[in-house]
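The values are calculated or read from the model by the stated rules, or taken from the named source; none is laboratory data. Keep in mind that this is a model prediction, so the values were computed, not measured. Here the Cβ positions follow ideal geometry from the backbone for every residue, glycine too, while neighbour counts run over all protein chains shown. Just the protein is used for accessible areas: all its heavy atoms, side chains included, with ligands, DNA and RNA removed. Shrake-Rupley method; radii C 1.70, N 1.55, O 1.52, S 1.80 Å.
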Amino acid sequence: MAVVKSDPKAEGTPQAFDVLVVGAGVGGLYALYRLRQLGYRVRVIEAADNVGGTWYWNRYPGCRCDVESMEYSYSFSDELQQEWHWPERYGTQPEILKYINHVADHFDLRRDIQFNTRIRAARFDEAANRWIVTTDRGEAVTARFCVMATGNLSTPRVPAFKGIERFKGRTYHTGLWPKEGVDFTAQRLAVIGTGSSGVQMIPIVAKQAKHLFVFQRTANFSLPAMHAPLDPAKERQHKATYAERRRAAYDTPFGIAGYPPPTKQALQATPEEREADYQRKWNEGGSISFLYSYTDLLTNKEANDTASEFVRGKIRATVRDPKVAEALCPKDHPIGTKRLILDSDYYETYNRDNVTLVDIRNNPIETITEKGIRLANGEEYEVDAIAFATGFDAMTGALKDIDIEGRGGRNLRQHWQDGPRTYLGLMIAGFPNLFTVTGPQSPGVKSQMILACEHHVDFIAACLQWLDRRGLARIDASDEAEAKWVAHNLQVADSTLYPLANSWYMGANIPGKPRVFMPYVGGVQNYRKKLDEVVAKDYEGFVVGGKVRQAAAAE
Ligand code: NAP
């Protein structure tokens, strides 16, 4: 293989690498492992002081994965998947972080990771076919390729509430939770936001706080996770069939095997059959399994209404105060069109005497005061602490935070001003040799994220080898291929109910963000076929060119 290696020492400053990976989360770590194994000189730059990405930052109480732990893990090493023991059905944040640290240690990854460093800018040098990247430490690094493993939910966002700086108590964001943890015992606590993070945290902090006020703008659908210790028989059986399960996962819509796909439309069943089916899925726990009740829950509003109403019925049956129950019943979006949440005792928590639901849908937060939170109607809630569970500038935030300049001075923020544009969620036209791991318009956030990362990194690794075998220095997505892929994504999304929800998938949670549906929802199985076809046709839709120059000569 004709890998052209850069020797960082020989070149002094700026340091030169074959591949610069941004981010040491699940995607970045695998990129390092895979590309290093192929002989590339790789450097990972990471803002945090350790590995883990999303699992490093999101340390809020109750944080857990909503994909089962036997699925939510790397598949690249059979030794790893056989030796690792997951204690519970769904991994907790500490357990998953422990696993990621184990991977970093076991595969000796840390030596190529520079921690506590943020990328500020990246510029493509067209003559040299190299990226020149500058960091917040004032260093410059160059690399033939950039792999942006920057995450989809990595830019935490606190809304610009008036008066926020006046608040005398402590404030927290779920995505920037203090490492040492927080004990809310004897405190009056406000949680703002009832997405996955808020819903997971609320039952736990309700047990600590003197009083908990939950500020809810939009009610969300949540199902019981039915957490349990992992059944040893299930673990043994899973481990015995890991390889085939991993393969099978690529042929499923969400990249997760083991859930029998539905065969029937919801309205083909009688109301009694539907009730029984939903109840069975409810008892099993799991969002995919529930959405797999019928074939058309995400495409037919009338079908979806039956599932939505089933869950609303559960909320009404659980929450004792009928007014509170009604406020907790989501009515503005079909179930599953926002991330379907898994919880432990979320609705039950509103039966506690020390918990108050503050419905701010029609009475928004007017200002944060020295002592707490005041609503538009003048009501004020005095609290000692505020936890913002207000989400992220999802999917595009991390990349737009970096000043990225591609071919002919093309600027990423401008290129994406009307919403993200990518080819396959892997490359952006005009930004040669820069790959995005689980970028917008790929199934990433709508699938098992570790599988999505491995899929992309494997694609990138194969692509670099293909280029090197041909002595080619540059690969770029064509504008035409990108435009077609963006249009295809929107067309696929429009054939579903997803665009009906004001979700972060739509950019709807960030004021001023373009309203464009960002993930690819055509299913992992179709996406995998598409990538296979593109490769089989010698990277159809990509433009390749340039001759590889020796790195030293390129500086
Ligand atoms: P989110 O789903 O975006 O939820 C943010 C919440 O904050 C929403 O309830 C939102 O209300 C509210 N909010 C935002 N701005 C507000 C404002 N100005 N005033 C009042 N309320 C405001 O964020 P998240 O809960 O952090 O979850 C993000 C994603 O991370 C999830 O969808 C999921 O994909 C992932 N996640 C996964 C897990 C898991 O695996 N179990 C756990 C946590 C997160 P509106 O809905 O009205 O905008």
Quick calc, the range 400-555, dipole around Cα centre from Cβ unit charges on Lys, Arg (+) and Asp, Glu (-), nearest 20 debye, gives 60 debye
So what is the accessible area of the range 289-332 per residue, in Å², with the probe set to 1.4 Å?
43 Å²
To the nearest 20 debye, what is the magnitude of the charge dipole of the chain about its Cα centre, counting +1 on the Cβ of each Lys and Arg and -1 on the Cβ of each Asp and Glu?
680 debye
Looks like the range 277-403, by Cα gyration tensor root eigenvalues a ≥ b ≥ c and the a/c under 1.5 rounded cutoff (else prolate when a/b is bigger than b/c, oblate otherwise), is oblate
Under 21 Å between alpha carbons, and skipping anything fewer than 8 positions from Lys168 in its own chain: which lysines qualify?
Lys210, Lys371
Efficiency of FRET between Glu370 and Ala243 - r from beta-carbon atoms, R0 51 angstrom, step 0.05
0.30
Counting DSSP beta bridges with both ends in the chain, the antiparallel % (nearest 5):
40 percent
Picking from Thr263, Ala248, Phe221, whose Cα lies most toward the positive end of the charge dipole for the range 161-294 (charges on Cβ: Lys, Arg +1; Asp, Glu -1)?
Phe221
Which aspartates and glutamates have a Cα lying under 20 Å from the Cα of Lys513, excluding residues fewer than 8 positions away in the same chain?
Asp393, Asp401, Asp403, Asp418, Asp494
Report the gain in length on full extension from Asp403 to Asp49: 0.36 nm times residue separation, minus Cα-Cα distance, nm rounded to one decimal.
125.2 nm
Roughly to the nearest percent, how much of the accessible area of the range 200-312 is carbon and sulfur, given a 1.4 Å probe?
54 percent
Given a 1.4 angstrom probe, what's the average accessible area per residue across the range 340-433, in square angstrom?
37 Å²
Once you put a point 7 Å from the Cα of His488 and another 7 Å from the Cα of Glu88, both along the Cβ direction, what distance in nm separates them?
4.0 nm
Looks like the range 37-76, by Cα gyration tensor root eigenvalues a ≥ b ≥ c and the a/c under 1.5 rounded cutoff (else prolate when a/b is bigger than b/c, oblate otherwise), is oblate
Taking the Cβ-Cβ separation of Ala462 and Asp78 as r and a Förster radius of 22 Å, what is the calculated FRET efficiency to the nearest 0.05?
0.60
Run the paramagnetic zone check for Gln114: 7 angstrom along Cα to Cβ, then residues of the range 26-55 with backbone nitrogen under 11 Å.
43-46
Would you calculate a helix-derived [θ] at 222 nm for the chain, using -39,500 (n - 2.57) for each DSSP H run of n ≥ 4 and dividing by the full residue count, to the nearest 500?
-9000 deg cm²/dmol
Calculate the spin-label point distance for Val544 paired with Met226, positioning each point 7 Å from the Cα along the beta-carbon direction, and give it in nanometres.
4.9 nm
Rounded to the nearest percent, how much of the accessible area of the range 464-555 (1.4 Å probe, protein heavy atoms only) is carbon and sulfur?
52 percent
Compute the relative contact order of the chain as a whole-number percentage, counting only Cα pairs closer than 8 Å that sit 6 or more residues apart in sequence.
20 percent
Taking a probe of 1.4 angstrom, what is the accessible area of Lys264 in Å², to the nearest 10?
80 Å²
Mean accessible area per residue over the range 95-242 (1.4 angstrom probe, all protein chains present, square angstrom) is 43 Å²
Label points 7 Å out from Cα along the Cβ direction at Thr299 and Ala276: separation in nm?
2.6 nm
Of the accessible area of the range 125-164, computed with a 1.4 Å probe and all protein chains kept, carbon and sulfur make up a percent value of 55 percent
With every protein chain kept in place and a 1.4 Å probe, the residues Lys234, Lys239 fall, from largest accessible area down, as Lys234, Lys239
Mind listing the long-range amide H neighbours of Gly25? Cut-off is under 5 Å, sequence gap 5 or more, other chains count too, H placed in the peptide plane at 1.01 Å from N.
Gly52, Gly53
What pairs in Lys207/Lys446; Lys264/Lys446; Lys338/Lys484 have C-alpha atoms more than 24 Å from each other?
Lys207/Lys446; Lys338/Lys484
